[in-house]
Structures are given as C-alpha cells and as structure tokens.
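Since every read-out is calculated from the coordinates, none of them should be taken as a lab result. For clarity, every value in this text was computed on a predicted model and none was experimentally measured. Note that we place each Cβ from the backbone using ideal geometry, even for glycine, and neighbour counts take in every protein chain shown.
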Amino acid sequence: MRLSFGAGWAGLAQPLIAVLVAPSAYLGFRALSQDTSASWREALIWNGVPVVFAQLAILAPIPVSADVFVLAITGVYLFRIATLLRYHADDFVQVTPDAMRIVRLAIYATMVLLAMMVATDGLIVAASLFAREPFVLNFLTGVSGVFAAFIFIVALVGGPIVLYPPGSAGNKTEAPSDRDRALMQALDALMTEKQLYKDNNLTLARVARRLSVPVREVSAATNRTTGENFSRYMNAYRIRHAQRVLRETDLSITEVMFDAGFISKSSFNTEFRRIVGQTPSQYRMKTADA
C-alpha cells in the first residue's frame, strides 16, 4: 500500500503490526494449555509488556531501525514457541486427543513462517549496514535467506527437544494416593455410566470441570494410577467400546469409529492396533470366524 498507493501511514503501521505476529502466535498456542481465565490474563499481561515496550521504542525518535525490534521480539518468541514442542498431550488441556497431531503440525508450520521472518529481517539489517550495491541486497534477501531460515528451524526445533526430550519430565511415576484412587473411581463412573468417552470433543479441561477438580490433579491421578496419560486412558475406553460394537453389530468400520468417539481414521487405527494388536478389520474377521 505504501509503494503502490502512496499510503505513508502503512509504512509506519507495518513494524507495529509485525511486532505483534510472533507473540500472538505464542499466546494462541499457549491458550490451548490454559485452564482458567486468571492464568490466561496473567500470561497476556506478562507477554504484552515486551510488545508494548518494542512498539514505543519504534515510535520514539531514536536512531535505531524498527527492524531491530521486530527481529528481537520475533526471535525470542520463535524460541518460546519451539519450547511448546516438549509439552505432553495432557498439557494441552483444551485439545482433544485426535487434534494433537494437527496442533503439533501447526506449531511446526508457524515456526517455519517466523523463521523466514527472522532470516529476512536479519539479512535486510545486515545488508543495509554492509552492502553498497543493490544487487548484494537482492542476493542476501533472496538466496541466503532460504539457507538462514533452515538454520534457524533446525536450531530452534532441535534445541528444546534435545534439552527437554518428550517424556523426560514424567518418567518417574509415584505411587497413587487414596485421593488418586477416589478420583479415578469417579472418573471411571463417568466413563462407564455416562459413556463420556463417546464425546469426540472431550478434553481434559472439560473432564476436570465435570469432576470439580483442577486439571493437573486429574492428569496426575490418571498417570499415577494407570501409568498412562489421560488421552490413552480415554482411548482405552473407546477401543473397548469399538471392540464390542465390531463383535455385536454389522456397522461399517467408519461408523464404529464415530460411535466410539474418534473423528480421525488414522488415530482410530493406530490406537486400535496399539491396544488390540490388530486392525479393526482383522479383529472383526477373527471374531466372526470364532
């Protein structure tokens, strides 16, 4: 708009908006792990302070390029988004088990886009400082930008995973307490009597609200009592239900999948094979022959 239509205000607004991109993405993913409005407001405040500071610095009459502030904020939040990859499935309390793969793919895709932004801004700043010829600027922002993006992606994705490999935080399982057992009895009752597992929008946060206990308490009790996370615990109920329907009805595999609470065929087949050791089709054929 600035170059084609002479809208000078667009040039002023662009860095102010660019500073918001990475923090907004981080807060969006982080919200999937927030259970209460109080924790969400706190996260919004703490993450809003550096953004406001950067925007005020951009507007201030100081001899520093706005790209420096955009580069700094985007780089920091790119790393923070990368740290979300070490979260366990139960940490994303607002996400259904079937949607976890989509969430992780979205995090990777966001990191790729932000890494390209960091690489581009960094190279533009470097080129503006050291390049005297226009073709050097074009070369740096074009060819080298691609390679720089890959370097950022590898470093920022690999770093948190190496430092905090998935599952490293929860390898030690404590013995369940009496409260854990009581909580699991209540949870089992919801699953068996209400068939809560058939709800394909069921999340850990919703279950915790039904039980009137904190999310982390439900997750910890499930882990200590069953040795599994909540997603696998719930999927075990779904697969047992699917086995019964496969034995007793002529419903198609897809209909059985939906009836058991799954919405993804790949998730259904993966969980069925993990628990039963066969695909749904193989299980039906075997029970029919028996």
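Of all aspartates and glutamates in the structure, the ones whose alpha carbon falls short of 15 Å from that of Lys286, not counting any fewer than 8 places away in one chain, are Glu248, Asp250. Summing charges over all other residues whose Cβ lies under 10 Å from the Cβ of Lys198, with Lys and Arg as +1 and Asp and Glu as -1, gives 0.
Computed from the Kirkwood radius of its Cα pairs, the Stokes-Einstein diffusion coefficient for the stretch 12-88 at 37 °C and 0.692 mPa s stands at 247 µm²/s.
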